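Remarks on the structure that follows.
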Amino acid sequence: MTDDLTSTGEAAQRGMIETRQITIDGQLLQVAIRHGGGSGPPLLLFNGIGANWELARPFLDALTSTTAIIFDVPGVGGSPRPAWPYRPSTLARLAAGLVAELGYTEVDVAGVSWGGGIAQQFAHQFPTRCRRLVLAATAPGFTMVPASPAVLWKMATPRRYADKGYMESIAADVYGGAFRDDPSLIGRHAAAMHGARSMGYFYQLLAMTGWTSLPWLWSLPQPTLILMGRDDPLVPPVNGQIMASLIPNAELRLIDDGHLFMVTRPTETAGLIEAFLADESRQVASSSLLARTTSYFRDLVPTSGGGRQKP
């Protein structure tokens, strides 16, 4: 009888999102945990710039069996601003401390847009703690192929988070994809925005100043899934092609949507990611420097099959 009651309680908890405030190295973090029933490690998710964790809720709700962990970056949402600016390595260390505090020794890691840079840093900084890597609508730092100046100017401040009317006026131009065709999506997305503060946003911009992953992408051992929107004005999909050519064990998938496909196509995106995480045929790349170097130069050579990209 006890076992039956325990099973019933666990089943009821699956899919629930629990929020906690946890202090790591003196920094208070607002943390959300989506409980799943899968046997694999949890998915640690890094959100986009200025984004509170609630903006990722459509994706979290679309997961079927994966436990997911996400936290508000210091200065955003429910996490107070730190006394000093930080670097991506600082956030990676905070995330590793959070994972350990929650009792996990290994996680899968995903990053969206700005958060994709932090995900790359985590995989590089803590390779034994990161089993698999998912990079969504992101780039290799300041060395990326940039958006147009008009789009970048609209991203320079957090105004779109504070002024929902402004957000609705620029969403189609900045995010592309489904936002061009369905204005109701913009309103629903804007309704979930809160907590983006000017100084916290500035700290996020400052953190990525001068940061790039290009010198060491070739050394990442993790199986990696790269997801890019075909109509992404903010992060042109060519950035995904560059990363897929440099990461030894990477696969690129293009999605017929814009920058926020994880919000506008959550079921499709969650399905792709969970299938990738469960694919036991994907193995960790060799840790041999010679093997990685050989893989790096091999992948720079175009193939008749289009390399690793998949439609």
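The values are calculated or read from the model by the stated rules, or taken from the named source; none is laboratory data. Source: prediction; values computed, not measured. Methodologically, a virtual Cβ is constructed for each residue, glycine included, from the backbone with ideal geometry; neighbour enumeration extends over all protein chains shown. In case anyone asks, the SASA skips ligands and DNA or RNA and just uses the protein heavy atoms, side chains included. Shrake-Rupley method; radii C 1.70, N 1.55, O 1.52, S 1.80 Å.
Of note, Val263 does not satisfy the criterion of being within 18 Å of the chain's Cα centre (by Cα), modelled with pLDDT of 90 or more, loosely packed, with under 14 Cβ neighbours inside 10 Å and among the aliphatic types (A, V, I, L, M). Taken together, the residues in region 219-244 that are part of a helix (DSSP H, G or I) and over 22 Å from Glu280 (Cα atoms) amount to 6. Can you tell me which condition Val109 does not meet? The list is (1) farther than 23 Å from Thr19 by Cβ; (2) crowded, with 22+ Cβ neighbours inside 10 Å, and all the others hold. Here Val109 meets the rest and fails (1).
Does Ala83 fit the bill of being open to solvent by less than 20 Å² (accessible area, probe 1.4 Å) and not polar (S, T, N, Q)? When the stated conditions are applied, Ala83 does not pass them.
Based on this model, can you work out whether Ala95 counts as under 21 Å from Pro140 (Cβ atoms), touching a strand residue (DSSP E or B) at 6+ places or on another chain (Cβ under 7 Å) and assigned to a helix (DSSP H, G or I)? The answer is yes for Ala95.
Of all residues in region 239-256, those satisfying the criterion of being more than 19 Å from Ala119 (Cα to Cα) and open to solvent by 10 Å² or more (accessible area, probe 1.4 Å) are Leu254, Asp256. Exactly one residue out of Leu185, Leu98, Leu91 is of a type in the set (A, V, I, L, M, F, W, C), in contact with a helix residue (DSSP H, G or I) (Cβ under 8 Å, 6 or more places away or on another chain) and surrounded by 21 or more Cβ atoms within 10 Å (Cβ to Cβ): that is Leu91.
The sole residue among Tyr104, Tyr161, Tyr86, Tyr166 that is over 17 Å from the mean Cα position of the chain (by Cα) and within 14 Å of Leu43 (Cα to Cα) is Tyr104. Residues of region 223-264 being among the small types (Gly, Ala, Ser) and touching a Ser or Thr at 6+ places or on another chain (Cβ under 6 Å), which ones? The answer is Ala250, and nothing else.
Here is the figure for region 46-80: residues that are of a type outside the set (Val, Ile, Thr) and either over 15 Å from the mean Cα position of the chain (by Cα) or surrounded by fewer than 20 Cβ atoms within 10 Å (Cβ to Cβ) (or both) total 10. Could you look through region 137-168, keep only residues that are modelled with pLDDT of 85 or more and polar (S, T, N, Q), and pick out the one that is surrounded by the fewest Cβ atoms within 10 Å (Cβ to Cβ)? Checked region 137-168; the qualifying residue surrounded by the fewest Cβ atoms within 10 Å (Cβ to Cβ) is Ser148.
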